[in-house]
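First comes the structure, then the notes that go with it.
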Amino acid sequence: VQMKYRTRDGTAKSGLRYQHAEGILRFQANQVERTVEVLVIDDDTWQPDEMFTVELSDVQVVGQASPGRAGVSYIEPRLGLAVTKITVLNDDMPGTISFDVDEVFAVEGMHVTVGILRSRGNVGRITCKYKTMDLTAIGGRDYSPMEGTIEFGDGEVHKTIEIPILKTHHRITEAEERFKVILCDASPGVKFDKERDGGESCNISEVIIPPTRKPGVVAKVMRQFCNEDQLAEHWRQWGDQCISSLYCNGSAQEQVSASLQDWFFHILTLTFKVPFSLIPPPTMMGGWACFVGALAMIGLVTSIVGGLATLVGCCLGIPDDITAITLVALGTSLPDTFASKLAAQQDETADNSIGNVTGSNSVNVFLGLGLPWTIAAFYWSETGPNQLWMDRTFGSERYEDLYLAKYPGGGFMVPAGSLAISVAVFTMCAISCLTLLGIRRCTYGGELGGPKWAQHRDSVILVGLWFVYVATSIVVSMSQ
């Protein structure tokens, strides 16, 4: 009996993890076992466990079968288990990387040496990235910030990183300062010691810079409120961002090669760039100063744009509700449009791009409406129906005639007008938009991207939904 055999790639590829083999196996009479030899390629590089298969096929009888004994019938040969899986186990252990200690003490004006150990295997060449990170010590003022790649050769088990510690004139008034050295992004197969600081994803060692002498009580109290180095660095960053707002593309070097389009948008947005550059940098006060400053600036700009749009609508004789969904909406939503565009271009997924829009709308609805309406509701419930309240009008009728009989205690009144139809149209357009995004995910694998023709088609559809909403709302408003 004879049959064919051959190897077939799985995750292991022929020529890399094993030598391809194929041929014919022959079983002689009364022979019950044969072997197939496949050469596995050995190297000094770590690779995950991989597999390939050996397959049997085309079994047939060669020559004349011997006559069966009396009472024994002849059975045609057939294959049983025709495929077997071979797993190539990795025996090249590249090792585990860690710092030799979790904390290192340094002396100003000298280099601090941080040791890195390679244990539990040292086969092959491996690499690992390292970088420094500020804590209370500030890079460029207390030490020289560093980042790079460290390499271990085959059999090499120890490396060191030299970090310069800078001399500072105020060390005698400062308390102990620290910064981190982080190991990350190691070669495939290399692990970090999970028992050390940082765990399995990275390893961390802290460098401690003690003061040259014990600080006094005043220095300790001041230290609780501010770090002189951090404060100086924050002021430097703040000044840099104010200056960069004046340059096209952000710096003098980039401005030299700026195109006409760059200059057009720079001049167009300069009135926004300069005021917004006054917002504190995100590194100051843990980011809270930037957060509060940005909210205040956004509120100020929104108020100005809303007021200007209302004035334009008033001059052109456009009703307030139409002004709100056209001029005011465009003026306050265009920044979100550009922010979503940048997020779509810079991020790997569309999450931030779409989340920026939905988040902005959520803030507008729940905070932009909810907060002032809540304040107004409390105010008018306490004030009651005074003369100012009764003289307010909706359409051509006064509040006194419309609401006083039904609400003798007064209150905060927001007449709906054409809101019901406007919300219904908006809801249908929103459902259509979400349906389109769902179809794109099923068809192209994501909400953004896909073939060019599909991008242009869907852009036209989405812009068309906005025009449908605006046009319908205007028609309904004018009919009332």
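Region 234-301: percent of C-alpha pairs farther apart than 20 Å? It works out to 35 percent of all Cα pairs.
Computed from backbone phi, the HN-Hα couplings of region 349-361 come to 10, 8, 4, 5, 4, 7, x, 5, 5, 5, x, 4, 5 Hz, rounded to whole numbers (Karplus: 6.51 cos²θ - 1.76 cosθ + 1.60, θ = phi - 60°; Gly and Pro given as x). Which entry in (1) 3, 11, 13, 15, 16, 14, 11, 8, 5, 3, 1, 0, 0; (2) 4, 17, 25, 20, 10, 7, 8, 6, 2, 0, 0; (3) 4, 18, 28, 27, 17, 6, 0 matches P(r) over Cα pairs in 10 Å bins from 0, in percent derived from the coordinates of this structure? Recomputing P(r) over Cα pairs in 10 Å bins from 0, in percent here gives the entry labelled (1). Between 0 and 90 degrees, rounded to the nearest ten: what's the tilt of helix 452-479 against the longest Cα principal axis of the chain? Relative to the chain, helix 452-479 is tipped by roughly 20 degrees. The residues packed around Met51, meaning those with a beta-carbon under 15 Å from its beta-carbon, carry a net charge of 0 if Lys and Arg are +1 and Asp and Glu are -1. The angle separating the long axis of helix 288-316 from the principal Cα axis of greatest extent in the chain is about 50 degrees. So what is the relative contact order for region 339-462, in percent, with contacts set as C-alpha pairs under 8 Å and at least six apart? Averaging sequence separation for qualifying contacts and normalising by length gives 17 percent for region 339-462.
The amide H of His111, built 1.01 Å from its N in the peptide plane, has Ile165 as neighbours under 5 Å, considering only residues 5 or more places off or on other chains. Each residue of region 95-143 gets 101 Å³ once the volume of the Cα convex hull is shared out per residue. With all protein chains in place and a 1.4 Å probe, the accessible surface of region 437-480 carries 71 percent carbon and sulfur. Between the helical axis of 228-244 and the longest alpha-carbon principal axis of the chain there is an angle of about 80 degrees. Each Cα pair under 8 Å and six or more residues apart adds its sequence gap; the mean of these over the residue count of region 277-332 is a relative contact order of 26 percent. Counting only heavy atoms of the protein chains, get the accessible area per residue of the chain (1.4 Å probe) and round it to a whole Å² value. Solvent-accessible surface per residue comes out at 64 Å². Shape analysis of region 279-429 based on the Cα gyration tensor places the equivalent ellipsoid semi-axes at 35, 20, 16 Å, largest first. Computed from backbone phi with θ = phi - 60° and the Karplus coefficients 6.51, -1.76 and 1.60, the 3J(HN,Hα) list for region 98-103 is 7, 6, 6, 9, 7, 9 Hz; x is used for glycine and proline. Shown here for region 243-289: chymotrypsin sites (Phe, Trp or Tyr not before Pro) in loop regions (DSSP other than H, G, I, E, B) with at most 16 other Cβ atoms within 10 Å, namely Tyr247. Only helical runs count toward this figure. For the chain, summing -39,500 (n - 2.57) over DSSP H runs of n ≥ 4 and dividing by all residues gives -13000 deg cm²/dmol at 222 nm. The Rg/Rh ratio for region 11-50 is 1.16, where Rg is the radius of gyration of the alpha carbons and Rh is the Kirkwood radius.
In this structure, the amide hydrogen of Ile208, modeled 1.01 Å from its nitrogen in the peptide plane, lies closer than 5 angstrom to those of Val104, Phe105, Ala106, counting only residues at least 5 positions away or on a different chain. Within region 406-480, the trypsin sites (Lys or Arg not before Pro) that combine a DSSP coil assignment with at most 15 other C-beta atoms in a 10 angstrom radius are Lys406.
Quick note on region 230-352: its Rg to Rh ratio, both from C-alpha atoms and Rh being the Kirkwood radius, is 1.04.
The values are calculated or read from the model by the stated rules, or taken from the named source; none is laboratory data. What you see is a predicted model; the values in this text were computed from it and never measured. As a convention, Cβ positions derive from the backbone with ideal geometry for all residues, glycine included, and neighbour counts pool all protein chains shown. Side chains are part of the model used for accessible areas, which takes the heavy atoms of the whole protein and leaves out ligands, DNA and RNA. Shrake-Rupley method; radii C 1.70, N 1.55, O 1.52, S 1.80 Å.
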